[in-house]
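Working notes, beginning with the structure itself.
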Amino acid sequence: MSMLKGVVHNLANQSKRATPNRSRSAGTKLLLSSEERAEALFLPKVRAFCNSTDIAKNEAEVIKHENTFREAGKTKTVFDFKSYMHQKIKSVNRALDAAVPLREPLKFHEAMRYSLLSEGKRVCPVLCIAACELVGGQESTAMPAACGMEMVHAMCMMHDDLPCMDNDTLRRGKLSNHKVFGENVTVLAGYSLVALAFEHMATATQGVHPKTMVRAIGELARLIGPEGAAAGQVLDLLSGGKSDTGLEELEYIHRHKTADFAEAAAIIGAMVGGATNEEINRLRKFSQCIGLLFQVVDDILDVTKSSEQLGKTAGKDLLANKLTYPKMIGIEKSKEYAQNLSKEAKEQLVGFDPEKAAPLLAMADFVLHRQK
């Protein structure tokens, strides 16, 4: 009986610890939510024990469920980000395929689909969907916007690879668009994808108030336009080879050229999902950190990985004498900066539903630790 009393005492203490009064971080909330579910499973067993005279049998049952309770945080709190991304990417690819069917002029539409449907990480469309679901929206509501984001992203990759821009022959493990279809078709196909992005968002989105859609479309236009990604790309081109460019200019380039895409994806997803202004502001900070983190890691990978590993030309920034974080502050300091950006991003999600925030928390880790 003394052993049994000890077990019951331990379980009582764990039940108290499972619902602390102190404030919880996002990670702690994920852990405790699983513990609380385990508690709900365990407590009926305690009641059954108290009402029974079969001491030996119930002692074994209590010990069994005590162990289950102890291990709950370890066995039920791991978010399967790989499966989540696989499912979301599959949904996005299916929607992209339907949004840009193969039709005449054949070569023109083939060029659009070649880059749009090529194998990629789909970070922006998944971020758009995850932000929508975080604030209570549905994947189907965000999907047209997610497709629109990937259309704009595909255009940027197509145009970035042109000889007059970054002059690259590889993208996502295969020949760049202009090497297959010619520069003239690539330019026109890219322009068409941008136009289609806005059309698709405006006509395919269901259940969102027109005023909200106007805000969302305006947000996308602002973040890819002359005060957004385009501005970052221009400064990137103009600053190449200059020795007097500092960290402030480098961060401006990356915040606009890359982080603005992540910001647009998260904010538009949150808007169509019905987010409050406070939620939008927090997701804006989160996505800015994620976007900049993506570029810092990209800079690191450019000098530490091979072309085969990356699926694009490695070391091209170094050869072009472009501004990068490793060039400005070194690889180790760049890695430290990336860690800080990931931490700051996660802090913005504290207070959201932990289960709904799990994909975004995992995405911060994914972007930080990616190898290509």
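The values are calculated or read from the model by the stated rules, or taken from the named source; none is laboratory data. If you're wondering where the values come from, they're calculated on a predicted model, not measured in any experiment. Cβ sites come from the backbone with ideal geometry, for glycine too, and all protein chains shown count toward neighbours. Please note that ligands, DNA and RNA were not included when accessible areas were found on the heavy atoms of the full protein model with its side chains. Shrake-Rupley method; radii C 1.70, N 1.55, O 1.52, S 1.80 Å.
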* Structure fact -> Within region 207-229, of all residues that are of a type in the set (V, I, T) and part of a helix (DSSP H, G or I), the one surrounded by the fewest Cβ atoms within 10 Å (Cβ to Cβ) is V214
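Which of the residues that make up region 272-288 are open to solvent by 10 Å² or more (accessible area, probe 1.4 Å) and not in a loop (DSSP other than H, G, I, E, B)? Even if it seems obvious, please write down each step before you answer.
Keep residues of region 272-288 that are open to solvent by 10 Å² or more (accessible area, probe 1.4 Å), which gives 272-279, 281-282, 284-285, 288.
If the condition is that a residue be open to solvent by 10 Å² or more (accessible area, probe 1.4 Å) and not in a loop (DSSP other than H, G, I, E, B), then V272, N277, E278, E279, N281, R282, R284, K285, Q288 are the ones that fit.
Given the options D161, D168, name the one that is touching a strand residue (DSSP E or B) at 6+ places or on another chain (Cβ under 6 Å) and touching a residue at least 12 places away in the same chain (Cβ under 8 Å).
Working: D168 fails: touching a strand residue (DSSP E or B) at 6+ places or on another chain (Cβ under 6 Å).
D161 is the lone residue from the list that is touching a strand residue (DSSP E or B) at 6+ places or on another chain (Cβ under 6 Å) and touching a residue at least 12 places away in the same chain (Cβ under 8 Å).
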* Residue identified as under 17 Å from the mean Cα position of the chain (by Cα), closer than 15 Å to K90 by Cα and of a type in the set (D, E) among E133, E119 -> E119
* Structure fact -> Residue hits (region 78-92; assigned to a helix (DSSP H, G or I) and open to solvent by less than 90 Å² (accessible area, probe 1.4 Å)) are F81, S83, Y84, M85, Q87, K88, I89, S91, V92
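Would you call A146 closer than 19 Å to A262 by Cβ, touching an Asp or Glu at 6+ places or on another chain (Cβ under 8 Å), of a type outside the set (D, E) and at pLDDT 95 or above?
Working: closer than 19 Å to A262 by Cβ: yes; touching an Asp or Glu at 6+ places or on another chain (Cβ under 8 Å): no; of a type outside the set (D, E): yes; at pLDDT 95 or above: yes.
Answer is no for this residue.
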* To do: Answer yes if at least one residue in region 186-204 is open to solvent by 40 Å² or more (accessible area, probe 1.4 Å), β-branched (V, I, T), at pLDDT below 95 and more than 18 Å from A95 (Cα to Cα), and no otherwise.
  => no
* Asked: Tell me, which residue of region 230-271 that is over 30 Å from V214 (Cβ atoms), assigned to a helix (DSSP H, G or I) and of a type outside the set (D, E, K, R) is most open to solvent (accessible area, probe 1.4 Å)?
  -> L238
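Can you find a residue that is in contact with a Phe, Trp or Tyr (Cβ under 6 Å, 6 or more places away or on another chain) and at pLDDT below 95 anywhere in region 63-77?
Yes, that holds for at least one residue.
For region 93-130, which residues satisfy the criterion of being in a loop (DSSP other than H, G, I, E, B), crowded, with 19+ Cβ neighbours inside 10 Å and either among the basic types (K, R) or in contact with a Gly (Cβ under 6 Å, 6 or more places away or on another chain) (or both)?
Taking region 93-130 first, the residues in a loop (DSSP other than H, G, I, E, B) are 100-105, 117-122.
Then keep just the ones that are crowded, with 19+ Cβ neighbours inside 10 Å; that gives 100, 120, 122.
Once the filter is applied, which keeps residues that are in a loop (DSSP other than H, G, I, E, B), crowded, with 19+ Cβ neighbours inside 10 Å and either among the basic types (K, R) or in contact with a Gly (Cβ under 6 Å, 6 or more places away or on another chain) (or both), region 93-130 yields only R122.
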* Structure fact -> Scanning region 323-372 for residues that are within 18 Å of S287 (Cβ to Cβ), of a type in the set (S, T, N, Q) and assigned to a loop (DSSP other than H, G, I, E, B) gives Q348
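If I filter region 349-360 down to residues being surrounded by 21 or more Cβ atoms within 10 Å (Cβ to Cβ) and within 21 Å of Q339 (Cα to Cα), which single residue comes out as farthest from the chain's Cα centre (by Cα)? Quick ask: steps written out before the conclusion?
If we filter region 349-360 for residues that are surrounded by 21 or more Cβ atoms within 10 Å (Cβ to Cβ), which is where we start, we get 349, 354, 357-360.
Right, trim to within 21 Å of Q339 (Cα to Cα) and you get 349, 357-360.
Working: L349: 13, A357: 11, A358: 11, P359: 8, L360: 6 Å.
If we take residues in region 349-360 being surrounded by 21 or more Cβ atoms within 10 Å (Cβ to Cβ) and within 21 Å of Q339 (Cα to Cα), then L349 is farthest from the chain's Cα centre (by Cα).
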* Asked: Can you name the condition, by its number, that E336 falls short on among (1) of a type in the set (D, E); (2) open to solvent by less than 20 Å² (accessible area, probe 1.4 Å); (3) modelled with pLDDT of 95 or more?
  -> (2)
